[in-house]
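Report on the following structure.
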Amino acid sequence: MNNVEMPKYEELLYTVDSLDTLKIFIVGNSITSHGVASDIGWDHKSGMAAATSDQDYVHLLFNNIKNYYPKKKHYPQVFQLVFI
């Protein structure tokens, strides 16, 4: 195996506190993000099982992070995995 040492949780918190900008990248499936699919009655873009985009888990997570770190700039990115 490799000898990569993982940082401790406290070290990660210190790193986040020292940053001016948070870049958050979420990778997921249709629960994360789903485009309009009129054939199944899905008429908006959001994570599946959410009535609106601001109610899906990704946007709730981003809002919680913004509330926890209000002085930081936030650049969330969402990427949906598609398996063919």
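The values are calculated or read from the model by the stated rules, or taken from the named source; none is laboratory data. All values reported here derive from a predicted model rather than from experimental measurement. We place every Cβ from the backbone using ideal geometry, glycine too, and count neighbours over all the protein chains shown. Protein only, heavy atoms only, side chains kept; ligands, DNA and RNA dropped before computing areas. Shrake-Rupley method; radii C 1.70, N 1.55, O 1.52, S 1.80 Å.
Things to note:
- Residue within region 36-49 that is buried (at least 16 other Cβ atoms within 10 Å of the Cβ) and free of Cβ contacts under 8 Å to residues at least 24 places away in the same chain present: yes
- Yes/no for residue 28 being in contact (Cβ under 8 Å) with a residue 40 or more places away in the chain, in contact with a helix residue (DSSP H, G or I) (Cβ under 9 Å, 6 or more places away or on another chain), open to solvent by less than 60 Å² (accessible area, probe 1.4 Å) and not charged (D, E, K, R): yes
- Condition met for residue 54 (open to solvent by 40 Å² or more (accessible area, probe 1.4 Å) and either modelled with pLDDT of 80 or more or part of a loop (DSSP other than H, G, I, E, B) (or both)): yes
- Filter result for residue 68 (open to solvent by 90 Å² or more (accessible area, probe 1.4 Å), within 10 Å of the chain's Cα centre (by Cα) and modelled with pLDDT of 80 or more): no
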